[in-house]
Structures are given as structure tokens and as C-alpha cells.
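> This is the structure I want to talk about, given as C-alpha cells.
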Amino acid sequence: MPGMELYNDYYGIGLRRTGESVIITLGKTVVVSPGDFILIDKNLYHRSEYISEDIVTGSRVQFNDLAVKNLIEYIGQKTFENLLEQVVIHLNEESIQKVSSILNEMEREYAHFDEHSNFVLEGLLNHLFIEVIRGQKKAATASIPDAMCSDILLSALQYMEQHFFEDPSLESLASAVNVSPGHLSRLFTLRLGTSYSTFLLNYKIKHAQRLLTKTTLSITDVAEQSGFGSCNYFCYAFKKNFGVSPLQYRKQYSSQ
């Protein structure tokens, strides 16, 4: 699937602090909200898309098998694998604070790395996983277990990725994945937490953001290649999202 990432020999974990997104893997689609703990298995193809206007922030840690050798011996291989399979875990409020504190301590230790740091970081990583196990919300799940719904969403998101610049309507997207517009609309709302129109708009703005900083295309061309029929509407939507005009954003962040 285009645009997916892969951690070859490393696991990735993290805590979402602000903003919402959806993580798409080849097997499932999961929603990430503030306070959620994220686990990415090594060799797992995955991709993230923002689904809210809030800035997405969080803490992230990567580690290899050696770092969790003692942890796996303690909790068992199956428990460790079950955690990774969830991709996203909802935590209770107390554990969110504890996990956040542990991650902050890991960042401080890494920033002042010395000959003792590997030992300290391994201990903090073990503590982190135990707190995640303790703090899981048993009544909530972030995953989308219905295989058919996941397949429909994956197909819809693939189609949108390939045709977003055409500004596809909900009806045309539903036709492309062979479901009714009403059903697809409900899937976006219930499974991804946003309407299709908002999701598509955020995707187009994200693409425009890349064009503004990585190319010298005119603002009109950026609008057109991002699926906006009107340059005026593009400028309005972009400023509403980022607080500055596309031109101001380019001057501030362009790498050209």
C-alpha cells in the first residue's frame, strides 16, 4: 500500500498527547486519541492520517529485542505479542499520567546519555509496559474488529489517496468501493470519528502543506493539484487550519 512505513528491526511505542489520527495497517484500522498508547510491531507496514484540526503531539520510543528480553521473560511472549497486536491501547487517567512521567524520564535520561543509561532505560521501559498492562481500559477498544468494515475503509482510503486531487464526492467514493453512500458515511463517522468531507479536506490540506514547503509551485497550482476547485476557497480553508495564508506558511516553513 502506498505511503506505508516499516520499522525493520525495531519496535515503536508512544503516548498521544494531543490531536487525533488513524493508523492503517494491512490488517486493521485503528483510531488514536489523546491519552492512547501506541504500539508498532517490528516489520509492520503502517501509515497514519490526521483526522482532527488539532496539532498532533506525543512521545515516541524505539527499541530492539534485546531491550525487552527480560520483560518478555517476565510477562511471557504471548502477553507481549497480544499487546503489540492491539496497536492502540486506551489507558485510564491514572496510568496516562504515570506513562507520561516515565516517558519524560526516558527522554531526560537519553538527553544525558552515559555508560549507565542503557541499564536505566531498560528498567524504565519495563516499568512502562507494566503500567500499560495495569492501566488498560477493559471496557474500551480503539480497534475496528469487524473485518468487512476494515476492508471497506482500507479500500476507500486507498481510492481517496489515488484520487483526492479530483475532489471525489462521497457518492463516487461509495460507488468505487461498492457500498451505499449512507453506509460509507456512517463508517467514517463511527469508525474514524469524523465525517468524510472533513477527512478529505484535511487530507487535501496536508498534501498542499507538502507542496508549499517542498516545491516552488504557484499558490494557484498548489490549490489545483491538491483538489481545490477554487484558489480563494483553498486560501480560506488553509488559513482556518493553520492561522496563516498559504504564502505566509511557505515563507515561514519552506525548505527551498
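Since every read-out is calculated from the coordinates, none of them should be taken as a lab result. Predicted model, so just to flag it, every value in this text is computed and none were measured. Cβ sites come from the backbone with ideal geometry, for glycine too, and all protein chains shown count toward neighbours.
> Residues with beta-carbon under 11 Å from that of Thr215, excluding Thr215: net charge, scoring Lys, Arg +1 and Asp, Glu -1?
Counting the neighbours of Thr215, the net charge comes to +2.
> Hey, another quick one. Could you give the length gained by full extension between Leu6 and His112, i.e. 0.36 nm per residue of separation minus their alpha carbon distance, to one decimal place?
So the chain would gain 35.3 nm between Leu6 and His112.
> Still on this structure: If you stretched the chain out fully between Glu105 and Cys235, how much longer would it get, using 0.36 nm times the residue separation minus the C-alpha to C-alpha distance?
Between Glu105 and Cys235, full extension yields an extra 42.6 nm.
> Follow-up. Per Stokes-Einstein, at 4 °C and 1.567 mPa s, what whole-number D in µm² s⁻¹ belongs to region 11-135, with the Kirkwood radius over Cα pairs as the hydrodynamic radius?
86 µm²/s
> In terms of modelled amide H atoms, which long-range or inter-chain residues lie less than 5 Å from the amide H of Tyr10?
Asn43
> Obtain the radius of gyration and the Kirkwood radius of region 195-256 from its C-alpha atoms and give Rg over Rh.
0.94
> Could you work out the Rg to Rh ratio of region 146-193, with Rh taken as the Kirkwood radius (inverse of the mean 1/r over all Cα pairs)?
Dividing the radius of gyration by the Kirkwood radius yields 0.93.
> Leaving out same-chain residues fewer than 8 places away, which aspartates and glutamates sit with a Cα under 19 Å from that of Lys98?
In chain and number order, the partners are Asp36, Glu107, Glu109, Glu122, Glu131.
> At 20 angstrom or more along the helix axis (alpha-carbon based) and mean Kyte-Doolittle of -0.5 or higher, what helices does the chain contain? Whole DSSP H runs only.
TM-like helix candidates: 117-135, 147-163, 196-214.
> Can I ask one more? Could you state the number of Å between the C-alpha centres of region 47-82 and region 103-125?
Going from one Cα centre to the other spans 17 Å.
> When the Kirkwood radius is taken over all Cα pairs of the chain, what Stokes-Einstein diffusion coefficient follows at 37 °C and 0.692 mPa s, in µm²/s?
The diffusion coefficient I find is 163 µm²/s.
> Taking the mean number of other Cβ atoms within 10 Å as a proxy for protection, how do you rank 98-105, 163-170, 29-36 from highest to lowest?
Packing order, densest peptide first, comes out as 29-36, 98-105, 163-170.
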